[in-house]
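Asker: First, the structure itself, so that you have it in front of you.
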Amino acid sequence: MRAYIDESYEAGPNGLYVLAAVLAPDDDTMLRNAMLELRQPRTRLKLHFHGAEPERQARYLDTVGRMARYKLAIVVRPCKRPERARRMAMIRLLWELRDKADALLIESRGSQNKDDVALLRATQKTHGTFRYEFPLGRDEPVLWAADILASGIFHVHQRKQAWMLDRLGHVAQHHVEVD
């Protein structure tokens, strides 16, 4: 089982960081095709929740919500320093995934991938060993589902748009407070 992972955040004293994972079988053609169908023709290489008009966002949320896949979100508040919030979220995410996934596909953040690799290595004994890759979002459509999930949960908690959670269906959420 693979966990497709992406983030959504806003830094600041009242900021919020969300790290989300959608679990799917290794070759989940149904989920991949559903994400490809959501992409706007000829306008984007990759689907992205941020910047989409509200009707399109609702369609994205509905599609992810209808999928019978395990959905997990780690919510960190405050997000004064995004890298610290990410580290705290990743530690909790790995703990939650230890019995559920054997591979992680984490959307690439370029040179910052090294920080995730270091954390994955440091937590192997306590959180388990995972195979991992850092594909670009444009190269792996299933990552778009994680983007939609992370963005939806972000909007629920930071923008007070509770209706989005209804559309996402069941999401296992864990909150981490950072001092």
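The values are calculated or read from the model by the stated rules, or taken from the named source; none is laboratory data. These numbers come from a predicted model, not from an experiment. Counting neighbours? That spans all protein chains shown, and the Cβs are built from the backbone with ideal geometry, glycine included.
Asker: Against the condition modelled with pLDDT under 95, farther than 18 Å from LEU31 by Cα and either in contact with a Lys or Arg (Cβ under 6 Å, 6 or more places away or on another chain) or of a type outside the set (Phe, Trp, Tyr) (or both), how does ASP179 come out, does it pass?
Answerer: Spelling it out, ASP179 is indeed modelled with pLDDT under 95, farther than 18 Å from LEU31 by Cα and either in contact with a Lys or Arg (Cβ under 6 Å, 6 or more places away or on another chain) or of a type outside the set (Phe, Trp, Tyr) (or both).
Asker: Among the residues of the range 48-102, count how many are part of a loop (DSSP other than H, G, I, E, B), of a type in the set (Lys, Arg) and over 22 Å from THR123 (Cβ atoms).
Answerer: The qualifying residues number 2.
Asker: Follow-up question, since we're still on this one. Can you pull out the residues in the range 115-125 that are in a helix (DSSP H, G or I) and either touching a helix residue (DSSP H, G or I) at 6+ places or on another chain (Cβ under 8 Å) or surrounded by 14 or more Cβ atoms within 10 Å (Cβ to Cβ) (or both)?
Answerer: Answer for the range 115-125, where residues must be in a helix (DSSP H, G or I) and either touching a helix residue (DSSP H, G or I) at 6+ places or on another chain (Cβ under 8 Å) or surrounded by 14 or more Cβ atoms within 10 Å (Cβ to Cβ) (or both): ASP115, ASP116, LEU119, LEU120.
Asker: If you scan the range 84-114, which residues turn out to be touching a helix residue (DSSP H, G or I) at 6+ places or on another chain (Cβ under 7 Å) and either within 20 Å of GLY137 (Cβ to Cβ) or hydroxyl-bearing (Ser, Thr, Tyr) (or both)?
Answerer: MET90, LEU105, ILE106, GLU107
Asker: Moving on. Could you please find all residues in the range 136-160 being in a loop (DSSP other than H, G, I, E, B), surrounded by 15 or more Cβ atoms within 10 Å (Cβ to Cβ) and not charged (D, E, K, R)?
Answerer: Scanning the range 136-160 gives a single hit, PRO141.
Asker: In addition: ASP99: in contact with a strand residue (DSSP E or B) (Cβ under 7 Å, 6 or more places away or on another chain) and exposed (fewer than 15 other Cβ atoms within 10 Å of the Cβ), yes or no?
Answerer: So ASP99 fails the test.
Asker: The conditions are (1) within 24 Å of PHE49 (Cα to Cα); (2) in contact (Cβ under 8 Å) with a residue 12 or more places away in the chain; (3) hydroxyl-bearing (Ser, Thr, Tyr), and THR123 fails exactly one of them. Which is it?
Answerer: Status for THR123: all satisfied but (1).
Asker: Checking the conditions here, which among GLY110, GLY51, GLY12, GLY65 is on the phi > 0 side of the Ramachandran plot, in contact (Cβ under 8 Å) with a residue 12 or more places away in the chain and not hydrophobic (A, V, I, L, M, F, W, C)? Before the answer, list the steps.
Answerer: Details: GLY110 fails: in contact (Cβ under 8 Å) with a residue 12 or more places away in the chain; GLY51 fails: in contact (Cβ under 8 Å) with a residue 12 or more places away in the chain; GLY65 fails: on the phi > 0 side of the Ramachandran plot.
Unique residue meeting the criteria: GLY12.
Asker: Quick one: which of ALA52, ALA20, ALA24 is crowded, with 18+ Cβ neighbours inside 10 Å, modelled with pLDDT under 95, under 15 Å from ASP147 (Cβ atoms) and of a type outside the set (S, T, N, Q)?
Answerer: Residue meeting the stated conditions: ALA52.
Asker: Consider GLN173 against the criteria (1) part of a strand (DSSP E or B); (2) closer than 22 Å to LEU45 by Cβ: it satisfies all of them except one. Which criterion is unmet?
Answerer: That leaves (2) as the condition not met.
Asker: Give me a count of the residues in the range 161-179 that are under 16 Å from ASP6 (Cα atoms) and surrounded by fewer than 18 Cβ atoms within 10 Å (Cβ to Cβ).
Answerer: Count: 3.
Asker: Here is a list: THR43, THR63. Which entry is β-branched (Val, Ile, Thr) and at pLDDT below 95?
Answerer: Checking each option against the conditions leaves just THR43.
Asker: Would you check if there is a residue in the range 134-143 being touching a Pro at 6+ places or on another chain (Cβ under 9 Å) and of a type outside the set (D, E, K, R)?
Answerer: Scanning the range 134-143 turns up at least one residue that is touching a Pro at 6+ places or on another chain (Cβ under 9 Å) and of a type outside the set (D, E, K, R).
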